[in-house]
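Comments concern the structure below.
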Amino acid sequence: MPVIPLEDLKLDRGQRLLGLDLGEKTIGLALSDTLLTVATPMQTLKRGKFAADAARLDIIISAQGVGGLVVGLP
């Protein structure tokens, strides 16, 4: 996915945003509603190897209808 300003984000109807809080030991996830008005904490993933973490996130993205990621900066 390309990095773009939030105001330029164009999602298909019903898609959600997935927020990622990337820590050294865990990845916190928050999922928006389909109206993009509120995000709710979803789960915390224990970090592992990058490929394994990316594969788990890909499954979540597909299952939840995610159209964009919001990555928190430390």
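The table below lists the values:
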item	result
[x] 12.2, 34; [y] 13.2, 48; [z] 11.9, 41, with the label sought being that of the calculated Rg and Dmax of the Cα atoms in Å	[x]
CD proxy at 222 nm, helix term only [per DSSP H run n ≥ 4: -39500 (n - 2.57); per residue of the chain; nearest 500]	-6500 deg cm²/dmol
Per-pair calculated FRET efficiency, R0 = 25 Å: Leu36 and Ile59 via Cβ, rounded to 0.05	0.70
Surface accessible to a 1.4 Å probe, per residue, for the residues of the chain, Å²	75
In Å², nearest 10: area of Asp58 left accessible to a 1.4 Å probe	90
Share antiparallel - DSSP beta bridges, the chain, percent rounded to 5	70
Accessible area, probe 1.4 Å, largest first, for residues Val70, Val3	Val3, Val70
Nearest-ten-degree value, helix 50-64 long axis tilted from longest Cα axis of the chain	30
Relative contact order of segment 8-74, pairs being alpha-carbon contacts under 8 Å that are 6 or more residues apart, as %	40
Reach of Lys46 by Cα under 15 Å, taken over aspartates and glutamates that are not fewer than 8 positions away in the same chain	Asp21, Glu24
Carbon and sulfur %, accessible surface of the chain computed with the full protein complex present, 1.4 Å	59
Nearest-10 value in Å² for the accessible area of Thr44, using the 1.4 Å probe	100
Leu20 accessible area, 1.4 Å probe, all protein chains in place, Å² to nearest 10	20
Listed residues Gly28, Gly19, Gly48, most fluctuating in the chain (Gaussian network, C-alpha, under 10 Å)	Gly48
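The values are calculated or read from the model by the stated rules, or taken from the named source; none is laboratory data. Keep in mind it's a predicted model, so treat the numbers as computed, not measured. Every residue, glycine as well, gets a Cβ built from its backbone with ideal geometry; the counts of neighbours run over all protein chains shown. These area figures cover heavy atoms from the full protein model, side chains too; ligands, DNA and RNA do not enter into them. Shrake-Rupley method; radii C 1.70, N 1.55, O 1.52, S 1.80 Å.
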